Amino acid sequence: MADLDVAVIGAGFAGVYAVHAFRSAGLTVRAFEAGSGIGGTWFWNCYPGARCDVESKDYSYSFSPELEQDWSWSERYPAQPEVLRYLNHVAGRFGLWPDIQLDTRVTAAAWDARRSQWSVTTDDGQQRTARFLISAVGCLSAYQVPSLPGLETFAGRWYHTSRWPRDGVDFTGQRVGVIGTGSTGIQIAPEIAAVAEHLYVFQRTANFAVPNRNAPLDPDWERAFKADYRSYRKQAQESFLGVPITGTGRPALAEPPAEIQRTLMERWQAGGGMPFLGAYTDVLVDRAANEIVAEFMRDRIRETVTDPAVAGQLLPRAYPVGAKRLCQSDDYFAMFNRPNVTLADIRSAPVTAVSARGLHTAESYYELDALVFATGFDAISGALNRIDIRGAGGAALSDAWAAGPRTYLGVVPAGFPNLFVVTGPGSPSVFSNMVLSIEQHVEWIRDCVLHAVGRGHATVEAKPSAEDAWMAHVTEVAYATLFPLADSWYVGANIPGKPRVFTPYLGGVGPYRARCDAVAAAGYEGFVLG
Ligand code: NAP
């Protein structure tokens, strides 16, 4: 008999909710978390400026109407410490701490076919057995530091934003380099510029960013909004992104140019990426429509950055807007008007080496006291691939995913009985409001497990043919859009040698939920219950 019904890897939003959901269903469950606190990405990414780009009213659990009513967010977009406070509140409120084991990294998990259970090994040398194994490792948790020659000789301190020192870093009076201008780099750079003697921003690819227009939440607005929270959540579940967005419903290419400018400016002034990109129906599928929106955004950079040469370097041209995750910032572009900020283009003059006192590029040398890597993640599959997971017949998950991660329905990899991946490859995951997608997945997995257990089945397996068909569908939907045109982490292009496969499901949160529900209603079609 297994020690646990369910072992969960990770205690971020997904792991915390999994503990609650399985325990409430009467199963024994334990989450193993590598960090010394819960929160996952919100625990590790405690760099200055870290803030969610989904509004707090959306980026919060919906499973408890009481929690929803009682908790008050202070801002439209919550900062990292507030998200972490929220998760700790949830863990306390629902009594989840006894089933969460901190400071414990899962290093291996092996399927024991004879006993129909997983054997889970942790870095404290312990082994636990569980009937079901749930990966809640997150899509953006395996951080990557580029291998720069000479980094080990650097006499200053260097940091990756995803392993930020918990008691902070004081950059006052220092010369600091930031490598990376994605969502993270764009958030941290203005914070460093405000205190450093000089900030050098090393940019490989210029990125698009929309304003947040972040602001404190007005208590009267909050009261009125919360009065109808339930129906808002329902709309979110049925929406495309997991956030109800009102678009014009029209293609940009059919709209008079002046009207497009008016619509985009209105949304630009209101802030937020989803309503902006969602204004027109063709922006993410038609290159010409996309270019209209891209040029609108370039105009905003031109009018913000006073030095035309710097503005020119900041204009994004390498990919269709939205095909990489759209960044959000209220102060990134204006930061380049500060006398203590220099933009260095490392596309035309790549970094060649790091030495004791600074960083060398093909054209220049920059003396630095500190270096910050905002260089992203081995996304979607990286965290699971770093665990030695062995399925049926001892096959390694990293081998099964060698040509790109695969699952049936975004949740179960074929060949790995009783293993479920929350917001796995092939699910809307990073292309949605993650908290809502996490809830949908955890509840679907819980119901599947209860279905199997209730009927006396020991195993749930995805049919390889079902996995093939699902991944073909994921690919077909993706290639009908502009997304595959960007060298993004969505396709693994940021990791040298990673196979280029587009794995998030772009079919929409609402239709995806309906598909998952239909699979369940048909007796878990595409699965073998053994
Ligand atoms: P990212 O989007 O992958 O950006 C990494 C940056 O580092 C890019 O500018 C990339 O340049 C650069 N880079 C990577 N390797 C490099 C190398 N070897 N040499 C030079 N430059 C290199 O990573 P991220 O900014 O951490 O964001 C990842 C995701 O996390 C986001 O897309 C978002 O989904 C999430 N996130 C969300 C928030 C939020 O909610 N507001 C905040 C932070 C992160 P290239 O573009 O040329 O590859």
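General remarks:
- The set of residues in the stretch 503-530 that are closer than 15 Å to W470 by Cα and within 21 Å of the chain's Cα centre (by Cα) comprises T503, P504, Y505, L506, G507, G508, P511, Y512, R513.
- Pairs meeting the criteria (first residue in the stretch 109-132 and at positive phi, second residue surrounded by 13 or more Cβ atoms within 10 Å (Cβ to Cβ), beta carbons under 6 Å, at least 6 apart or on different chains) are S116/A458; S116/T459.
- Extreme residue, farthest from E443 (Cα to Cα), among residues of the stretch 54-101 that are assigned to a strand (DSSP E or B) and not acidic (D, E): A79
- Pairs are defined by a Cβ separation below 7 Å, a sequence spacing of at least 6 or placement on different chains, a first member in the stretch 53-68 that is more than 12 Å from V90 (Cα to Cα), and a second member that is among the hydroxyl-bearing types (S, T, Y); the pairs so defined are D53/Y77; D53/S183; E55/Y77; S56/Y77.
- Of the residues making up the stretch 11-48, just one is assigned to a loop (DSSP other than H, G, I, E, B), surrounded by 24 or more Cβ atoms within 10 Å (Cβ to Cβ), away from the ligand (no atom under 16 Å from the Cβ) and of a type in the set (G, A, S), namely A11.
- Looking across the stretch 408-437, the residues that are among the β-branched types (V, I, T), closer than 22 Å to A109 by Cα and out of contact with any strand residue (DSSP E or B) (no Cβ under 6 Å at 6 or more places or on another chain) come down to V422, T423.
- Within the stretch 89-101, being within 22 Å of E222 (Cα to Cα) and surrounded by fewer than 17 Cβ atoms within 10 Å (Cβ to Cβ) holds for H89, R93.
- Complete set of residues in the stretch 422-459 that are under 21 Å from T475 (Cβ atoms) and either surrounded by fewer than 21 Cβ atoms within 10 Å (Cβ to Cβ) or aliphatic (A, V, I, L, M) (or both): V430
- Matching residues in the stretch 487-503 - criterion: being surrounded by 20 or more Cβ atoms within 10 Å (Cβ to Cβ) and more than 14 Å from D378 (Cβ to Cβ): F502
- Identification of strands (runs of 3 or more DSSP E) wholly contained in the stretch 149-225 with 2 or more residues that are crowded, with 22+ Cβ neighbours inside 10 Å and at pLDDT 95 or above yields 175-179, 198-203.
- Consider the stretch 475-530 and keep the residues that are of a type in the set (S, T, N, Q) and in a loop (DSSP other than H, G, I, E, B). The one that is farthest from the ligand (Cβ to nearest atom) is T481.
- Selection status of D399, under 30 Å from V137 (Cα atoms), surrounded by fewer than 14 Cβ atoms within 10 Å (Cβ to Cβ) and not small (G, A, S): yes
- Selection status of V54, crowded, with 19+ Cβ neighbours inside 10 Å, within 20 Å of S141 (Cα to Cα) and either within 15 Å of the ligand (Cβ to nearest atom) or at pLDDT below 95 (or both): yes
- For V435: the one exception among (1) more than 30 Å from I192 (Cβ to Cβ); (2) touching an Asp or Glu at 6+ places or on another chain (Cβ under 8 Å): (1)
- Unique residue being more than 12 Å from the ligand (Cβ to nearest atom), under 25 Å from I380 (Cβ atoms) and touching a residue at least 12 places away in the same chain (Cβ under 8 Å) when the list is S135, S162: S135
- Of residues in the stretch 315-353 being assigned to a strand (DSSP E or B) and away from the ligand (no atom under 12 Å from the Cβ), the one surrounded by the most Cβ atoms within 10 Å (Cβ to Cβ): L343
- Scanning the stretch 354-373 for residues that are within 16 Å of the ligand (Cβ to nearest atom) and of a type in the set (A, V, I, L, M, F, W, C) yields V354, L359, A362, L368, L371, V372, F373.
- Here P244 does not fit the description of being out of contact with any Leu (no Cβ under 8 Å at 6 or more places or on another chain), at pLDDT 95 or above and over 30 Å from D517 (Cβ atoms).
- Breaking point among (1) part of a helix (DSSP H, G or I); (2) over 21 Å from A480 (Cβ atoms), for A288: (2)
- Each residue in the stretch 169-200 was checked for being in contact (Cβ under 8 Å) with a residue 24 or more places away in the chain and more than 23 Å from the chain's Cα centre (by Cα), and 17 pass.
The values are calculated or read from the model by the stated rules, or taken from the named source; none is laboratory data. All of these numbers come straight from a predicted model, not from anything done at the bench. Virtual Cβ from ideal backbone geometry, glycine too; neighbours counted across all protein chains shown.
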